[in-house]
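The values are calculated or read from the model by the stated rules, or taken from the named source; none is laboratory data. This is a predicted model, so every value here is computed, not measured. Here the Cβ positions follow ideal geometry from the backbone for every residue, glycine too, while neighbour counts run over all protein chains shown.
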Amino acid sequence: MTIVEACESKTNTTPAFPMGWYSVARSQELLVGEVKSVQAFDREMVLYRTRSGVPVLQDAYCPHLGANLSVQGRVVGESIRCPFHGWRYDTNGTCVEIPYSEEIPERARLRTWHCAEKNGEVYIWFHPENTGPEWDLPEFPELGDSKWTSPRYTEFLVPAHVQDIAENSCDPVHFQFVHKMMDVPPSKVTIDDDGRTLHLNSDATGADFPAELHATVYSPGFAMVRNTYGPDAQMVMYNSAQPINKHETRMRWTLVVSKSIEDIAGDDVMEGIISGLNDDYPIWANKVHKHRPVFCKEDTTLVMFRKWVRQFYLTSSDKQETA
Ligand code: FES
Ligand SMILES: [Fe+2]
């Protein structure tokens, strides 16, 4: 008897969530005292800013009777108060007050996620075991520098796993087929000595709009692209991902350009990003994640990407990514 394997589907082949830094909000969207609901990593979370201005990200459901703290929960000083019976949790998740009881049970703790604020965004350090950050977030010095424009923003809800979106940066061939780019410039992928930061350099100095492109991928959900057109003519864009679940990822894009080229590159580049993502959309919305892709000899950068990405996973099944 021949055993026929089940067809791959969106649900039976997607890996877990890779560890790393991911954005959950833009700083400007979270005012002092504000409480928000965040969906990330297949969890419901509550995000709030304390009275002293610190962003805090915790599991949304109260350990008492399960009320959702992000719906009508209130910031009280450096803590959050549950809307159901008034239990209060501090920024470490310790219950610090039960209004009608002297005693606080030891298990009254709310899971708290490592959070940081930089580059105008609030980030979570995600690790499946919720252990502390293993590397620092990069900082983009162009933000707030007077030689650069103020940032332009856009964001997209992409129907794909965060790893599959990141894989695009190491996929030069798709630029020809999906983005209709006639002359895809030669590109090279390298990895830093630390093994973690991946770079893609491509030389498009022969193109209509000559540029040197340098993409830095810090982790599967965090990348920066720098286009250099001349000594004082550069553009920097970075994107940070918020994996909502295994099939949906919110991408936040931030763009700054040298002031000298704002009029020719500012809005046009942003429109270019949006139309580029629109090209990718139908592929992402309908593909499955290939756990064991069949690669051809020329797919060297994709093979490199698959080897690189293994380090962000804990379990062996998610690490078996390459052919
Ligand atoms: S459910 Fe939160 S205090 Fe009761
Ligand atoms: Fe693409």
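Kindly establish whether residue 193 is surrounded by fewer than 19 Cβ atoms within 10 Å (Cβ to Cβ) and modelled with pLDDT of 90 or more. Here the answer is yes, as residue 193 does meet what is asked. Selection within the stretch 61-79: residues that are surrounded by 14 or more Cβ atoms within 10 Å (Cβ to Cβ) and within 10 Å of ligand 1 (Cβ to nearest atom). The member of this set that is farthest from residue 38 (Cα to Cα) is 64. For residue 136, the conditions (1) surrounded by fewer than 18 Cβ atoms within 10 Å (Cβ to Cβ); (2) in contact (Cβ under 8 Å) with a residue 24 or more places away in the chain; (3) not assigned by TED's automatic domain parsing to the domain that holds residue 261 are fulfilled apart from (2). Taking the stretch 61-71, which residues are over 14 Å from residue 109 (Cβ atoms) and either hydroxyl-bearing (Ser, Thr, Tyr) or in contact with a strand residue (DSSP E or B) (Cβ under 8 Å, 6 or more places away or on another chain) (or both)? Answer for the stretch 61-71, where residues must be over 14 Å from residue 109 (Cβ atoms) and either hydroxyl-bearing (Ser, Thr, Tyr) or in contact with a strand residue (DSSP E or B) (Cβ under 8 Å, 6 or more places away or on another chain) (or both): 67, 68, 70, 71. The listed residues are 255, 277, and the only one of them that is in a strand (DSSP E or B) and surrounded by 15 or more Cβ atoms within 10 Å (Cβ to Cβ) turns out to be 255.
Here's the yes/no breakdown for (1) touching a helix residue (DSSP H, G or I) at 6+ places or on another chain (Cβ under 9 Å); (2) buried (at least 19 other Cβ atoms within 10 Å of the Cβ); (3) over 24 Å from residue 310 (Cβ atoms); (4) modelled with pLDDT under 95:
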residue	(1), (2), (3), (4)
2	no, no, yes, yes
8	no, no, no, yes
14	yes, yes, no, yes
26	no, no, yes, no
31	no, no, yes, no
35	no, yes, yes, no
38	no, yes, yes, no
44	no, no, yes, no
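Table: residues versus (1) assigned to a loop (DSSP other than H, G, I, E, B); (2) surrounded by fewer than 14 Cβ atoms within 10 Å (Cβ to Cβ); (3) modelled with pLDDT of 95 or more.
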| position | (1), (2), (3) |
| --- | --- |
| 113 | no, no, yes |
| 124 | no, no, yes |
| 165 | no, no, no |
| 176 | no, yes, no |
| 189 | no, no, no |
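Pairs linking a residue in the stretch 164-192 that is in the same structural domain as residue 288 (by TED's automatic domain parsing) and free of Cβ contacts under 8 Å to residues at least 60 places away in the same chain to a residue that is surrounded by fewer than 16 Cβ atoms within 10 Å (Cβ to Cβ) and in a strand (DSSP E or B), with Cβ atoms under 7 Å and 6 or more positions apart or on different chains, are 185/203; 186/203; 188/201; 190/199.
The single condition from (1) modelled with pLDDT of 85 or more; (2) not in a strand (DSSP E or B) that residue 264 fails is (1).
Taking (1) of a type outside the set (Phe, Trp, Tyr); (2) touching a Pro at 6+ places or on another chain (Cβ under 8 Å); (3) within 16 Å of residue 125 (Cα to Cα) in turn, residue 55 satisfies each apart from (2).
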